[in-house]
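S.K.: Sharing a structure with you now.
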Amino acid sequence: MNISRLNTCALVALNSFFQSTTGLKLNWVCLLIVCGLFIIGCTQHSYSDNEKLIAESGFVHIVYLNLKDDLSNDQIDFLVKELKRLEEIENVLNFSVGTFEDLGDKRALDEYEIIMQMTFSDRATYDIYQQDPLHSEVKKATGSLLAGPPVTYDFIPR
């Protein structure tokens, strides 16, 4: 049942509440139901276009980066800033980047200091991203800061 149908039902129930003078206990129950339906009807669930695309995305790309040991904080900040440029690429629906947080879990992939994750609508848009000139620029600008090649994990949400 959609929200406008619920609002119509709420108005009918409210009308019967005010017209009836018997069954006071039942009227209070109806009033509570009407108020609940009214609140639900007034609540707007608006999602940004990006959130809608993320919810419908069909391909996730995760990249693990192992940095050189002697990098300064300025170099790490530069690296993160460059990586964030990747979210400007049209096919990237969602992008996040972060540094490793040690929680004391021995299973953690702590050899990777930076991880980034992005989503795509499908494999084809991921392939387009791989060929995007900005992606190549970022790889070239950051490659010298890495201890080795990036490690990736790609999956299709189920």
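S.K.: Any idea how far apart Asp132 and Arg158 come out in nm if each label point goes 7 Å out from Cα toward Cβ?
M.R.: 2.9
S.K.: From the phi of every residue in the stretch 74-86, what ³J(HN,Hα) in whole Hz does the Karplus formula 6.51 cos²θ - 1.76 cosθ + 1.60 yield, where θ is phi - 60° and glycine or proline is x?
M.R.: Once θ is set to phi - 60°, the couplings for the stretch 74-86 become 5, 5, 5, 4, 4, 4, 4, 4, 5, 4, 5, 5, 4 Hz.
S.K.: Would you please classify the overall shape of the stretch 52-122 from the alpha carbon gyration tensor, given that a ≥ b ≥ c denote the square roots of the eigenvalues, rounded means a/c under 1.5, and beyond that prolate means a/b larger than b/c while oblate covers the rest?
M.R.: Values: a/c = 3.06, a/b = 1.51, b/c = 2.02.
Oblate is the answer for the stretch 52-122, as a/c is 1.5 or above yet b/c matches or exceeds a/b.
S.K.: Right, something else. Once you have a ≥ b ≥ c as the square roots of the Cα gyration tensor eigenvalues for the stretch 102-158, tell me rounded if a/c is under 1.5, and otherwise prolate or oblate according to whether a/b is larger than b/c. Provide the component values of the computation, followed by the final result.
M.R.: On the way: a/c = 3.20, a/b = 1.27, b/c = 2.52.
Note, shape of the stretch 102-158 comes out oblate.
Since every read-out is calculated from the coordinates, none of them should be taken as a lab result. None of the values given here were measured: they were computed from a predicted structure. Backbone-built Cβ (ideal geometry, glycine too); neighbour counts: all protein chains shown.
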